[in-house]
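Each value in this text was obtained by applying a stated rule to the coordinates, not by laboratory testing. The structure displayed is predicted, hence computed values, not measured ones. Cβ atoms come from the backbone with ideal geometry, glycine included; neighbour counts cover every protein chain shown.
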């Protein structure tokens, strides 16, 4: 077996986290936190569930008034979330 030059663990972890598949999974896991940052505490407190399936972010909210407001802002929410994530992960938002 051929030996390669030893690398610091930090460099190896950076390379791992920068790989597209791993970075995508990390971004998916951070969506509930990003949702709270983008919408604020009041909206996040009314949000019952945030889940991500195949490019679509599904949001369940308790208030019908809030649901209507969020539905009108879906495109802006997609842009804001993707900007925070620094990648085009979310394609659409469905508010239920």
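Between helix 74-85 and the chain there is an angle of about 30 degrees, using the helix long axis and the longest principal axis of the Cα atoms. Kirkwood hydrodynamic radius of the range 11-95, from the reciprocal of the average inverse Cα-Cα distance over all distinct pairs: 13.4 Å. Out of the DSSP beta bridges found with both residues in the chain, what percent are antiparallel (nearest 5)? Antiparallel bridges: around 60 percent, rounded to the nearest 5.
May I ask you to order 45-54, 61-70, 26-35 by the average number of other C-beta atoms within 10 Å around their residues, highest value first? Present the calculation step by step, with values, prior to reporting the outcome.
On the way: 45-54: 12.3, 61-70: 13.9, 26-35: 15.5.
With the highest mean Cβ count within 10 Å placed first, the list reads 26-35, 61-70, 45-54.
Put in line by how crowded their Cβ is, counting other Cβ atoms within 10 Å and starting with the fewest, 3, 36 read 3, 36. Could you tell me how many degrees, from 0 to 90 and to the nearest 10, lie between the Cα long axis of helix 9-18 and the main elongation axis, the longest principal axis, of the Cα atoms of the chain? Here the helix axis deviates by roughly 40 degrees. Treating the angle as unsigned and between 0 and 90°, give the value, to the nearest 10°, between the Cα long axis of helix 20-29 and the longest Cα principal axis of the chain. For helix 20-29, the angle is close to 40 degrees. Return the FRET efficiency for the residue pair residue 71, residue 23: r is the Cβ-Cβ distance, R0 is 35 Å, and the value is rounded to the nearest 0.05. Result of the calculation: an efficiency of 0.75. When the chain is fully extended, how far beyond the present Cα-Cα distance does residue 16 get from residue 33, taking 0.36 nm per residue of separation? Full-extension gain reported as 3.9 nm. Hey, in the GNM for the chain with a 10 angstrom Cα cutoff, which one of 43, 22, 78 fluctuates hardest? Highest fluctuation among the options: 22.
Put a dot 7 Å past the Cα of residue 44, heading toward its Cβ, do the same for residue 5, and the two dots end up 4.3 nm apart.
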